[in-house]
1. On a 29 Å Cα-Cα criterion, which of the cross-link pairs Lys92/Lys216; Lys74/Lys252; Lys188/Lys226; Lys92/Lys226; Lys74/Lys216 come out too long?
2. If you take every residue apart from Asn235 with its C-beta less than 12 Å away from the C-beta of Asn235, what net charge results, scoring Lys and Arg +1 and Asp and Glu -1?
3. For Ser63, what charge total do you get from the other residues with a beta carbon under 14 Å from its beta carbon, if Lys and Arg give +1 and Asp and Glu give -1?
4. All other residues with a Cβ under 14 Å from the Cβ of Leu172 taken together, and with Lys, Arg as +1 and Asp, Glu as -1, what is their net charge?
5. Out of the trypsin sites (Lys or Arg not before Pro) in segment 194-228, which ones are loop residues according to DSSP with at most 16 other C-beta atoms within 10 Å?
6. Sorted by average packing, counted as other Cβ atoms within 10 angstrom per residue and highest first, what order do 170-179, 62-71 take?
7. For segment 173-263, which chymotrypsin sites (Phe, Trp or Tyr not before Pro) pass both filters: DSSP loop (anything but H, G, I, E, B) and at most 12 other C-beta atoms within 10 Å?
Amino acid sequence: MRRSFLFWGIILISFGSIFILDGIDILPGNPLEYLWQVFLIILGTWIILNSRWRPKGEKTEYSSISLLGATHAKIRINHGAGHLNINSGAKKGDLLTYSSMGTVQQFVRHDNEFIEVRLSPGSDIIPLVGLGEGFNWDLQLSNEIPLSLILETGASQTYANLGDLNITDLKLSTGASTNSITLPSIPKRSDVSINAGVASLTVQIPANVSARIRVKDGLTSLTIDKDRFPRIDSNTYQSQDYSYGTHRTEIKIESGVGSISIH
């Protein structure tokens with residue numbers, strides 16, 4: 001929080017200085033013409049300082065959300081810049097547990113046997129001004145019930161080992177990022193949708209899972225295990241046993257610029 005105040009304090013002092021210099025005829029032209037240059041200089045300096053300075057007052061926050069007797073759940077993770085790690089391992093009776101640097105806003109809706117949870121950065125974080133290393137979250141999810149998981153990330157590094165989870169529906173929307181995802185091996189049928197911007201994406205499909213993979217890529221380098229997933233048309237790859245496999249997943253990937261590796 002202190003760094004947010006400091007950032008905006010520097011902004012106000014810098015802009016005020018511009019108008020003072022203009023008032024005493026040191027700066028030529030309209031002072032408003034200099035505002036965006038000064039903003040970029042301040043922002044660049046702030047990013048460098050943030051990468052090297054972490055106030056002593058910043059602490060790791062720990063929390064958990066109970067299953068509340070639910071038999072299925074939807075989890076939406078709205079994560080900005082930083083590091084996001086997701087694994088199984090929530091305690092029995094908990095839907096999820098997490099640790100984070102900085103506050104996290106929780107939204108929980110419970111309706112009989114269904115529970116919906118949304119996590120997002122706390123209100124004390126200002127975009128581009130928050131923690132020096134971004135939002136560092138570590139989550140452990142429950143493998144007791146089927147899950148729908150939605151991940152919305154920005155300039156981040158995401159590591160998601162979902163192999164031991166019963167995730168039937170997975171959606172990932174990401175920007176300039178690095179992503180490594182191991183898909184779930186538990187459900188008999190799952191759907192995966194990935195929309196990536198300027199991203200590096202690695203997808204590991206468990207050995208017991210048959211897959212149909214549709215890729216719509218822009219300027220993307222695509223590497224795929226064609227022995228395991230032969231191409232059946234211009235943008236579709238499919239396991240030979242997909243039609244009768246015990247565990248099947250339907251994967252749709254849309255990417256802009258970057259690299260995709262599927263194996």
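What follows draws every value from the coordinates through simple rules; no lab data is involved. None of these values were measured; they are calculated from a predicted model. FYI the Cβ positions are ideal-geometry reconstructions off the backbone, even for glycines, and counts take in every protein chain you see.
1. Beyond 29 Å between Cα atoms: Lys92/Lys216; Lys92/Lys226.
2. +2
3. Computed value for this residue: 0.
4. Summing Lys/Arg as +1 and Asp/Glu as -1 gives -1.
5. Sites meeting the loop and neighbour criteria: Lys226, Arg228.
6. Details: 170-179: 20.0, 62-71: 14.6.
So the peptides 170-179, 62-71, ranked by packing, come out 170-179, 62-71.
7. Here the chymotrypsin sites (Phe, Trp or Tyr not before Pro) that fit, given the DSSP loop and packing criteria, are Tyr244.
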